[in-house]
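Participant: Below is the structure I would like to discuss, written out as structure tokens.
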Amino acid sequence: MVPQEILVSFVRPVVMDRVEIESFLRKRFRDIKKPKMRSVLRIQDEVLSGLRDFLRGEGFVEILAPIIGPVTDPGIRGARQVSFDYYGHRFKIMSSMILYKQMVISSLDKTFALSPNVRLEPEATLATGRHLSEFRQLDLEVAEVSYFDVMELGERMVHYVCDRVKRQRAEDLKRLGRELRSHSPPFRRMSHAEAVDLLRSEGFEVRREEEIPWDAEEALSAMFDEPFWIYDYPLTARGFYDLEDPERPGILRDFDLMYPEGFGEAVSGGEREYQLEGVLARMRATGQDPSQYGWYLDMLREGIRRSAGFGIGIERLTRYICGVENIWDAVPFPKVPGIASL
Ligand code: AMP
Ligand code: MG
């Protein structure tokens, strides 16, 4: 439980048990007719066109995302991947298209895709208010830039979209009772080590070498009233594709963006490990079997460009902008961890 005195303002997921959620979601065909849901969907439409307009203005080229493939993102923090038989081969549904983005960057300097992802998240995430088992990321990648460059891009993008929704969808925000603040970049930045210190000073048990646990992430997010960055995660916290800083062994050149008010993580990203030897060493260290990564390792053998990028969850962005408690109210047809409803 988060101590109330450290909170600036706070959204809490509505606590419902599994049976309640299941029957509630089965009636989505009723809820979708309600004015509040209509406002959420109209805002989501504005978010999507805002993201696309912003990125096109920055010179990005949109590509079509893969849905299935022999390999996908292994760094998905406790969630299971979905695999199935594909003409006698084991294929996976994309948990993220990170490995494919690294291919495209050899052709286009700046690219993005609206990527559908499936992750069978632990059932405990039902209570976080921010986990779905099917969701969409706007996944982008930029060649030959640093992680600070894409952080700067990301904060301008979030600001642009929030500002645009406030201007174009004021009526819908009002109907939802959401007073969305518009925060101008630059956003505050703190290192992972600083975030851990801050959480420890508030009594949270957080380990230096890991991702921040979900309850602590929510508490940290609730301590601020504007979005903020956490950067330089420890090597042990992430998948094999985030680049270790050559000058600071054990530290990754990567980041997360946090929404304020308890909404939690918005974005994860970083610079990419792009050299074959580095990737192989990291695969071994993270328990991945290189023989599963056929085309990806062939590609690295021929050489790829350096790049940096990130993914921003569309449903989480909608949840934050609309101020809805649970992420399943930020998507028309929610797939919720552990619940088979619609
Ligand atoms: P990741 O690289 O795993 O951090 O995923 C990138 C972004 O996708 C996150 O920062 C979230 O915005 C979003 N995301 C990740 N997992 C989920 C999930 N289970 N449900 C909804 N959004 C998610
Ligand atoms: Mg993340």
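Participant: Suppose every Lys and Arg Cβ carries +1 and every Asp and Glu Cβ carries -1, with no other charges. What dipole size does region 47-156 come out with about its Cα centre, to the nearest 20 debye?
Facilitator: Details: 12 positive and 15 negative charges, 77 e Å.
Using only the charged Cβ atoms, the result is roughly 360 debye.
Participant: A further question on this structure: So for the chain, taking the charge dipole from beta-carbon charges (+1 Lys/Arg, -1 Asp/Glu), which of Pro290, Leu199, Ile32 sits furthest toward the positive end?
Facilitator: Final value for the positive-end residue is Ile32.
Participant: Of Gly338, Tyr233, Gln168, which is farthest on the positive side of the dipole of the chain, counting Cα position, with +1 on Lys and Arg Cβ, -1 on Asp and Glu Cβ, and the Cα centre as origin?
Facilitator: Projecting each Cα onto the dipole axis, the largest value belongs to Gln168.
Participant: Using Cβ counts within 10 Å as a stand-in for footprinting exposure, how do Val161, Val19, Val71 rank, fewest first?
Facilitator: By the 10 Å Cβ count, ascending: Val19, Val71, Val161.
Participant: Oh, and also: Straight-line reach from Lys174: which lysines fall under 22 Å, measuring Cα to Cα and dropping same-chain residues less than 8 apart?
Facilitator: Once the sequence-local lysines are set aside, what remains near Lys174 is Lys33, Lys34, Lys36, Lys166.
Participant: Let me ask something additional. In what sequence, highest mean first, do 268-281, 47-60 appear when ranked by Cβ atoms within 10 angstrom?
Facilitator: Averaged packing, sorted descending, gives the order 268-281, 47-60.
Participant: Let me know the shape class of region 87-159, please: from the alpha-carbon gyration tensor, a ≥ b ≥ c as square roots of the eigenvalues, rounded when a/c is under 1.5, otherwise prolate if a/b is greater than b/c, or oblate.
Facilitator: Cα axes put region 87-159 in the oblate bin.
Participant: Which listed residue (Gly250, Gly323, Val71) has the Cα farthest towards the positive end of the charge dipole for the chain, taking +1 on Lys and Arg C-beta and -1 on Asp and Glu C-beta about the Cα centre?
Facilitator: Among Gly250, Gly323, Val71, the one farthest towards the positive end of the dipole of the chain is Gly323.
Participant: On a 0 to 90 degree scale, rounded to 10, what angle separates helix 192-201 from the longest Cα axis of the chain?
Facilitator: Tilt of helix 192-201: around 40 degrees.
Participant: Mind pulling the angle between the C-alpha long axis of helix 276-285 and the longest principal axis of the chain? Nearest 10 degrees, somewhere in 0 to 90.
Facilitator: Approximately 60 degrees, to the nearest 10.
Participant: On to the next question. Distance between the C-alpha centers of region 194-270 and region 43-122? Whole Å please.
Facilitator: Their Cα centres are 22 Å away from one another.
Participant: Quick one: which of 253-266, 85-98 comes out on top by average Cβ neighbours within 10 Å, and what's the full order, highest first?
Facilitator: Going from most to least packed, we get 253-266, 85-98.
Participant: I need to check one value: relative contact order of region 204-342, counting alpha carbon pairs closer than 8 Å and at least 6 residues apart, in percent.
Facilitator: Answer for region 204-342 is 18 percent.
Participant: Under 1.5 on a/c is rounded, so check that first for the chain, then, if it is not, pick prolate when a/b is larger than b/c and oblate when it is not; a ≥ b ≥ c are the square roots of the alpha carbon gyration tensor eigenvalues.
Facilitator: The shape class here is rounded.
Participant: To make sure I understand, if each residue's beta carbon is the centre and we count other beta carbons within 10 Å, what order do Tyr160, Tyr231, Tyr241 fall in, fewest to most? Can you show the working numbers first?
Facilitator: Working: Tyr160 19, Tyr231 22, Tyr241 26.
Arranged by neighbour count, lowest to highest, Tyr160, Tyr231, Tyr241 become Tyr160, Tyr231, Tyr241.
Participant: When you have a sec, figure out the Kirkwood radius of region 60-186 from all distinct Cα pair distances and drop it here in Å to one decimal?
Facilitator: 17.1 Å
Participant: A follow-up question, please. Can you give the net charge of the other residues whose Cβ lies under 13 Å from the Cβ of Ala65, counting K and R as +1 and D and E as -1?
Facilitator: -2
Participant: Moving on. With the alpha-carbon atoms as the only input, what is the per residue convex hull volume for region 71-124 in Å³?
Facilitator: Roughly 104 Å³ of hull volume per residue.
FYI, it's all coordinate maths here, none of it is from the lab. Only a predicted model underlies this, so the values are computations on that prediction, with no experimental measurement involved. Every residue, glycine among them, receives a Cβ derived from its backbone with ideal geometry; neighbour counts consider all protein chains shown.
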